[in-house]
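The values are calculated or read from the model by the stated rules, or taken from the named source; none is laboratory data. These numbers come from a predicted model, not from an experiment. We place every Cβ from the backbone using ideal geometry, glycine too, and count neighbours over all the protein chains shown. Calculation scope for accessible area: heavy atoms of the full protein, side chains included, ligands and nucleic acids excluded. Shrake-Rupley method; radii C 1.70, N 1.55, O 1.52, S 1.80 Å.
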Amino acid sequence: MQLDAVEQGPQAAESPRRASRGFYLPTIAITGLAAWLSWRGWEALGQVGVARSVNAGRFELAGPAVLGFVLAVLVIEQICPAQRRPVLARGHLLDFCYAVFYALAVVPLVVLLGTGFSGLLARLAPWLVLPRVPGVPAWCFVALAVLGIDAVDWLAHLANHRINPLWRLHAVHHSQEELSILTTYRTHPLVHVSFLISAIPILAVENNTATPAVVLTVYACLGALPHANVRWTYGPFGRVLISPAYHRIHHAATGRLDINLGTVFAIWDALSRRAVFPARAARSALIETGLAGRPVPVEQSGPRPRLVRTMLTQLAEPFTSVKTETR
């Protein structure tokens with residue numbers, strides 16, 4: 001696939017406007033599933049303390065280490081950006097709102113969903129847990145868990161681009177036209193239902209070792225970095241690790257691209273022939289991001305940003321039934 005094919009702006013290929021007519025039932029069903037799994041998670045955490053578990057999850061996914069990392073990258077984005085943006089650009093402000101929402105509301109949801117789903121897996125599919133293997137260092141199983149998490153995240157991401165109900169939720173993330181590391185947190189809360197399968201690798205190695213929280217924190221930081229507004233390609237290491245220039249191609253404003261789907265490692269894209277590597281960082285920086293035709297309301301339209309209204313509209317959009325799906 002040629003890099004030129006994705007160098008188009010958000011308005012380059014206008015798609016039909018969505019016409020709302022009632023509720024979109026698949027999203028309602030996903031909401032019901034999320035509520036049921038959260039209830040199971042709440043019951044399971046009742047013995048150890050829900051608040052304690054949520055605080056541990058918040059420390060792991062949005063704690064001082066993650067916040068410090070994000071702030072450092074934000075400074076770098078201002079010093080050497082791929083595309084020059086004001087510090088208080090509309091996209092940055094709305095993504096900051098999403099980041100606060102993520103820390104306050106989404107992380108507790110993720111903890112409850114993960115606990116409920118893990119308990120269900122352990123009961124229905126105990127064969128997923130690897131038996132105790134003496135003599136093998138614990139770090140081998142941690143490495144296996146990380147690779148497994150990245151592989152199943154890749155599968156979930158592919159499903160988000162291929163399956164319409166999941167795409168409706170994932171499209172909120174792709175609506176950003178001013179990409180930055182904060183865009184990592186521009187996600188619909190329900191999209192995390194599709195990524196629950198990342199619990200499988202952690203469950204698989206639990207008889208041999210527990211995956212350290214610090215490893216998951218580092219993984220979260222490495223998964224956020226590709227959204228940064230910088231020109232980095234990582235040189236030859238960009239064939240293994242997801243760089244910002246590589247991931248920017250995935251966010252190109254040409255529609256529903258199912259290329260460059262990796263979170264941290266590019267090997268799954270390469271094995272599935274879905275990897276499109278940037279030829280030069282300068283050209284990658286010219287790629288406009290967002291969704292062609294703006295099927296999801298964005299803060300860049302209109303004379304005023306209306307951040308709260310736009311965010312609420314984006315979160316409500318997947319619940320509305322539509323006559324035409326944007327592809």
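Restricting attention to the range 32-50, the residues being open to solvent by 50 Å² or more (accessible area, probe 1.4 Å) and under 21 Å from the mean Cα position of the chain (by Cα) number 2. In the range 234-259, the residues that are charged (D, E, K, R) reach residues that are open to solvent by 20 Å² or more (accessible area, probe 1.4 Å) and part of a helix (DSSP H, G or I) with C-beta atoms within less than 8 angstrom, at least six apart or across chains, in these pairs: ARG239/ALA270; ASP258/LEU158; ASP258/ARG162. ILE200 falls short on exactly one of the conditions (1) free of Cβ contacts under 8 Å to residues at least 12 places away in the same chain; (2) part of a helix (DSSP H, G or I), and that condition is (1). For ALA65, state whether it is open to solvent by 60 Å² or more (accessible area, probe 1.4 Å), of a type in the set (Gly, Ala, Ser), assigned to a helix (DSSP H, G or I) and in contact (Cβ under 8 Å) with a residue 12 or more places away in the chain. It is true that ALA65 is open to solvent by 60 Å² or more (accessible area, probe 1.4 Å), of a type in the set (Gly, Ala, Ser), assigned to a helix (DSSP H, G or I) and in contact (Cβ under 8 Å) with a residue 12 or more places away in the chain. Any residue that is of a type in the set (S, T, N, Q) and in a helix (DSSP H, G or I) - is there at least one of those in the range 82-92? Within the range 82-92 (the criterion being of a type in the set (S, T, N, Q) and in a helix (DSSP H, G or I)), the answer is no, since none of the residues qualifies.
Within the range 149-184, if we keep just the residues that are open to solvent by 20 Å² or more (accessible area, probe 1.4 Å), over 15 Å from the mean Cα position of the chain (by Cα) and of a type outside the set (A, V, I, L, M, F, W, C), the residue that is farthest from ASN260 (Cα to Cα) turns out to be PRO165. The residues listed here are ALA270, ALA275; of these, the one that is surrounded by fewer than 24 Cβ atoms within 10 Å (Cβ to Cβ), touching an Asp or Glu at 6+ places or on another chain (Cβ under 6 Å) and free of Cβ contacts under 8 Å to residues at least 60 places away in the same chain is ALA275. Can we say LEU190 is of a type in the set (A, V, I, L, M, F, W, C), modelled with pLDDT of 95 or more and under 26 Å from VAL100 (Cα atoms)? Answer is yes for this residue.
Residue-by-condition table, conditions (1) in contact with a helix residue (DSSP H, G or I) (Cβ under 9 Å, 6 or more places away or on another chain); (2) in a helix (DSSP H, G or I); (3) open to solvent by less than 50 Å² (accessible area, probe 1.4 Å):
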| site | (1), (2), (3) |
| --- | --- |
| ARG248 | yes, yes, yes |
| THR254 | yes, no, yes |
| THR263 | yes, no, yes |
| ALA279 | yes, no, no |
| GLN300 | yes, no, yes |
| PRO305 | yes, no, yes |
